[in-house]
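Colleague: Just dropping this structure here.
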Amino acid sequence: MFQLHIDWWVIVLIVIVVVAVFIFFIGAIVRSQRRRPATGKEGLVGKVALAHTVLDPTGMVYVEGELWTAISEAGKIEVGEEVIVTKIEGLKLRVTRKKQGGEK
């Protein structure tokens, strides 16, 4: 009969490689599930928008190539000011004024 002899170190090496590959793939899957949505309206939260009309408190902003109705949470915002999208309510964005370099 044919007898197969495999060294123990070959078996250990194969087991280590297989376990490492499984750990890598499971880690990648978990990271992808925790990531924020990058598309759709949910992906707009945290994006910088440009005031297209005066927001007092409602107006229009330009974000990601689209015009959206927005409600200012930070008082009156003039045309051309940058704002940050903080929340989405239906088809309206809640925005706040973007802090400039020295402001807190």
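Colleague: Among 18, 63, 83, whose mean-square fluctuation peaks in a Gaussian network model of the chain (Cα, cutoff 10 Å)?
Modeller: 18
Colleague: Based on DSSP, what percent of beta bridges with both residues in the stretch 44-97 are antiparallel, to the nearest 5?
Modeller: Numbers: 18 of 22 bridges.
Roughly 80 percent of the DSSP beta bridges within the stretch 44-97 come out antiparallel.
Colleague: Could you give me the ³J(HN,Hα) list for the stretch 64-80, computed from phi with Karplus coefficients 6.51, -1.76, 1.60 and θ = phi - 60°, whole Hz, x at Gly and Pro?
Modeller: Result, rounded to whole Hz: 6, x, 10, 8, 10, 6, 9, 10, 7, 9, 10, x, 6, 10, 7, 4, x.
Colleague: How much net charge surrounds residue 44 when only other residues with a Cβ under 14 Å from its Cβ are counted (Lys, Arg +1; Asp, Glu -1)?
Modeller: Details: positive: 36, 41, 47, 87, 92, 94; negative: 42, 64, 66, 89.
Local charge sum for residue 44: +2.
Colleague: Another question about this same structure. Kindly work out what percent of the DSSP beta bridges joining two residues of the chain are antiparallel, to the nearest 5.
Modeller: Details: 18 of 22 bridges.
In the chain, approximately 80 percent of DSSP beta bridges are antiparallel ones.
Colleague: Relative to the longest principal axis of the C-alpha atoms of the chain, give the angle of the C-alpha long axis of helix 8-34, reported between 0 and 90° and rounded to the nearest 10°.
Modeller: Between helix and principal axis, roughly 10 degrees.
Each value in this text was obtained by applying a stated rule to the coordinates, not by laboratory testing. Just so you know, these numbers come straight off a predicted model, no measurement behind them. Positions of Cβ are backbone-derived with ideal geometry, glycine not excepted, and every protein chain shown enters the neighbour counts.
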